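The values are calculated or read from the model by the stated rules, or taken from the named source; none is laboratory data. All values derive from a computational prediction rather than experimental measurement. Cβ: placed from backbone, ideal geometry, glycine included. Neighbour counts: every protein chain shown. Accessible surface areas use protein heavy atoms only, side chains included; no ligands, DNA or RNA. Shrake-Rupley method; radii C 1.70, N 1.55, O 1.52, S 1.80 Å.
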Amino acid sequence: MQFNFQTDTLFVDVILPLALPQLYTYSVPAEFASQVSAGKRAVVQFGKQKMYSALIRNIHSNKPEAYEAKPIASVLDQFPMVNEQQFQLWDWMSDYYMCTLGEIMNAAFPSAFKLESETKVLFNPAYERDFTNLEEKEFLVAEALELNKELTLHEISKITGRRNVIPLVKTMIDKGILMLREEIEKNFKPKKNVFIKLSDQANDEFLQGIFDQLERKAPKQLHLLMNFMKLQSEKPGEVIHKDKLLKTSQSDNTVLKQLVKKKVLEVYEQDEFFSLETNAGLKDKAELNEDQQAAFLSVKEQFKEQQAVLLHGVTSSGKTEIYIHLIDEQIKQGKQVLYLLPEIALTTQIINRLKKHYGDKLLIYHSRFNERDRAEVWNKMILFQHHPDEKNYQVIIGARSAIFLPYSKLGLVIVDEEHDGSYKQVDPAPRYHARDTSIVLSNIQNAKTILGSATPAIESYFNALSGKYGLVSLHKRYADLQMPLIEVVNLKEAKKKNLLKTFFSQTLLHESQHALINHEQVILFQNRRGFAPMIECQNCSWIPHCINCDVSLTFHKKGNVLRCHYCGYTISPPSKCAACGDHDLRMRGYGTERIEDEISVFFPDKKIARLDLDSTRSKNAYQQVIAGFENRDIDILVGTQMITKGLDFDHVSLVGIINADSLMAFPHFRAHERSFQLMAQVSGRAGRKFKRGKVIIQTYHPENPIIHFVVENDYKGFYEYELKERNKFKYPPYYRLTEIRVKHRDEKKLEETSLAFAKELKAVFGKRLLGPVTPVVSKVKNYFLRTMMLKIERDLSVIKIKKMLGTAMDHFKKEPENRSLVIQVDVDPL
């Protein structure tokens, strides 16, 4: 629509970063009329005092009738931050996942883009506090920050005498003077990798003279230099890590400094995620073997008819190399590729592999970056959109939030490990699934999607077999390596025969010892973190519980604390029972921390490490563990489901699943699916390079059919077995689920209002609504919970059903006594 800026009175509908059910309209003063554009941010006042950076969605000349439109205070951006295709995706997400555009804006935007009155700013630690070149208002802010560690935008407004200070603060952030407090709280600094290379003057003649000199006067320096040359010759073109060089040569930093001083070697740093891991340019893609080539051609052929293709390939079948060939084709066409990974923190191997192929064409986006770094990636994407010749950011690798970036030429989306539950956002809204959303994104962008997994989600495989997606299969491992041999150990029998040592069968211990003697590595899988899930009084069975949540506290040996895994509440372990006073308190169950502790008793001379949420909380801890295991500095790796995702280790010959029953006994309709996926995926870590691996599954129920399917690597059999159960009890893929969670701080009030709400919903949906019921965890963070489940046949209109649900919710919330009830809708819950 064309506007005459001189005669028309313009209005804009904006998205505020709030959970508002509809857009809000503001007037556009004449001075900003030529600047406004859909997708740009505008500073607006909402309410009596608060100022926000809102997002312009529509521009029109229709004055709102219900209220007087306030004027926008300024326009922040030169280019739109969100393009029309992104808005189409947001609109779809809002409708499908029953959330507001403001909630989507909050999820999509880095915090650096969402300035508001209560946002707190402080000095950027890199700023040298030189006030000489500051403008008057900037000086006032800087001077105030000298006295106060941080200021809100509202306080800055008072100091400067300006009502709208967001543009001022934005300018100071851009100059590197200020930063938002959220960035400091995340406390993220990109890890620097330190590398060694020959100095520019170290030619053959120079080196010959140095060798002669060192041989006579500095044998330690000569030894280090010779080790450097050896490492460089073993892998030509690969960078030499400083730590690896010092370890290999058994030298120290002092010796290295002498060689640097003599200008023989040079030390340099690179950010871990943004730097290439090679000195010799980009690496050519590997040739595909016969099976991979057939799969690659089949994917291309099916893309002619299908929007999405499922690549079902067994573990270590070479799916990543097929992805690389598909990416290359998109790059040649000038297109962008989004490569989604379930957890970016655990996929450094894949990131490094892609860096070697695509160099500075690669961008990485994930939550481990601070908000300023995420904003920088967003801005680079916008720059590519408006100046595509300046920088070719064509390969974007990221976790689920990467679907929100401003793509302009998207040609392909790769969803690796598409079955993984990490792709689902649980809290807060929008409660979206990145796999499903990526297919919609591809459709909007006229791109294609490839879903890859060794153990596809039931729904994905169903969609593939029914023709909604294409289907390509890889049944063999790369280089014809055999699938691991899986042995099931009956813990019931082992216990009877006294062949159980704490949590380990004699078979597992014997096979572990055999692997370690052969200088191979072992992975032990237990999908529960902590030392012990609970502490119990032997006299009266009292168990310490969280004061905020209806769960027992988990004992963590490191730190000697009892911790709630829902809200983080901690206490010291009690010395006696709070109920009866007895001192006989014992630990029940076991987690990864206890497994790590117990296995060290059997292998005291071996290096053991743990990979779980607790052991990787500190910056770069996960990388240190993975790098240590890759370099064979770690012999035994104990972990939760983290070790099943995207890891490829050459020397793992044995995987032990400590307790398969804890996976399968969980009260959820997806328990069998998750169990099969986790056991199959962790089994796939064994024997990926040099020899056939072995897997030991410990269970009290070896007759369970899920165990049989894992042993036989029979995904198709598992799928058919599970499908019968799903159809019988009206679960996906035959029915669509929507979970409705209601919360209240008063349990009695919750009981009354949840029953009343259910009654109103049942009047609309009848027997399709189940509940309300009290969930297994009935209280979280001082909110009592009830849940309802809506089961809808697949052939019914999704749009119509959600409209009916939304209408019923609005009608219920109209009553004042019901407004304190918190209602959360989770479409397609996991």
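Structure data summary
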| quantity | calculated |
| --- | --- |
| Single unsatisfied condition, Thr449 versus (1) over 20 Å from Ala680 (Cα atoms); (2) in a loop (DSSP other than H, G, I, E, B); (3) under 31 Å from the mean Cα position of the chain (by Cα); (4) not acidic (Asp, Glu) | (2) |
| When residues of the stretch 407-438 are limited to those that are over 18 Å from the mean Cα position of the chain (by Cα) and buried (at least 21 other Cβ atoms within 10 Å of the Cβ), the one farthest from Ile327 (Cα to Cα) | Tyr407 |
| Qualifying positions in the stretch 481-533 - among the β-branched types (Val, Ile, Thr) and closer than 19 Å to Val601 by Cα | Thr502, Thr507, Ile517, Val522, Ile523 |
| Qualifying residue in the stretch 550-567 (condition: open to solvent by 60 Å² or more (accessible area, probe 1.4 Å) and more than 28 Å from the chain's Cα centre (by Cα)) | yes |
| Matching residues in the stretch 460-484 - criterion: being of a type in the set (Gly, Ala, Ser), under 20 Å from Gln293 (Cα atoms) and at pLDDT 95 or above | Gly470 |
| For Phe404: the one exception among (1) of a type in the set (Phe, Trp, Tyr); (2) surrounded by 22 or more Cβ atoms within 10 Å (Cβ to Cβ); (3) modelled with pLDDT under 95 | (3) |
| Single residue of Val682, Val655, Val695, Val742 found to be touching a residue at least 60 places away in the same chain (Cβ under 8 Å), assigned to a helix (DSSP H, G or I) and of a type in the set (A, V, I, L, M, F, W, C) | Val682 |
| Single residue of Phe649, Phe666 found to be open to solvent by 20 Å² or more (accessible area, probe 1.4 Å) and either touching a strand residue (DSSP E or B) at 6+ places or on another chain (Cβ under 6 Å) or of a type in the set (Phe, Trp, Tyr) (or both) | Phe666 |
| Residues within the stretch 13-22 that are outside any loop (DSSP other than H, G, I, E, B) and either open to solvent by 20 Å² or more (accessible area, probe 1.4 Å) or modelled with pLDDT under 95 (or both), tallied | 1 |
| All positions within the stretch 494-507 that are of a type outside the set (Lys, Arg), assigned to a loop (DSSP other than H, G, I, E, B) and free of Cβ contacts under 8 Å to residues at least 40 places away in the same chain | Asn498, Leu499 |
| Per-region count, the stretch 80-98, residues open to solvent by 20 Å² or more (accessible area, probe 1.4 Å) and among the hydrophobic types (A, V, I, L, M, F, W, C) | 2 |
| Residues satisfying the stated conditions in the stretch 114-126, i.e. touching a Leu at 6+ places or on another chain (Cβ under 9 Å) and open to solvent by less than 40 Å² (accessible area, probe 1.4 Å) | Leu115, Ser117, Thr119, Val121, Leu122, Phe123, Asn124 |
| Count of the stretch 152-162 residues which are open to solvent by 10 Å² or more (accessible area, probe 1.4 Å) and farther than 16 Å from Glu136 by Cα | 3 |
| Qualifying positions in the stretch 664-679 - out of contact with any Gly (no Cβ under 9 Å at 6 or more places or on another chain) and part of a loop (DSSP other than H, G, I, E, B) | Ala665, Phe666, Pro667, His668, Phe669 |
| Count - residues of the stretch 244-254 that are surrounded by 13 or more Cβ atoms within 10 Å (Cβ to Cβ) and free of Cβ contacts under 8 Å to residues at least 60 places away in the same chain | 6 |
| Matching entry among Asp582, Asp614 (being acidic (Asp, Glu), buried (at least 19 other Cβ atoms within 10 Å of the Cβ) and outside any helix (DSSP H, G or I)) | Asp614 |
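Here is a yes/no grid of residues against (1) under 20 Å from Asn443 (Cβ atoms); (2) hydroxyl-bearing (Ser, Thr, Tyr); (3) part of a helix (DSSP H, G or I):
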site	(1), (2), (3)
Ser298	no, yes, yes
Leu311	yes, no, no
Thr315	no, yes, no
Asp328	no, no, yes
His357	no, no, yes
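A quick yes/no check of all residues on (1) surrounded by 14 or more Cβ atoms within 10 Å (Cβ to Cβ); (2) aliphatic (A, V, I, L, M); (3) without any contact (Cβ under 8 Å) to a residue 60 or more places away in the chain; (4) in a strand (DSSP E or B):
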site	(1), (2), (3), (4)
Val488	yes, yes, no, yes
Lys492	no, no, no, no
Leu509	yes, yes, no, no
Ser512	yes, no, no, no
Leu516	yes, yes, no, no
Gly530	yes, no, no, no
Ser541	no, no, yes, no
Ala578	no, yes, yes, no
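For every residue, the table says whether it meets (1) closer than 21 Å to Ile156 by Cβ; (2) over 29 Å from the mean Cα position of the chain (by Cα); (3) surrounded by fewer than 14 Cβ atoms within 10 Å (Cβ to Cβ).
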position	(1), (2), (3)
Phe11	no, yes, no
Tyr24	no, yes, no
Glu31	no, yes, yes
Ala38	no, yes, no
Ala54	yes, no, no
Pro64	no, yes, yes
Tyr67	no, yes, yes
Val75	yes, yes, no
Gln78	no, yes, yes
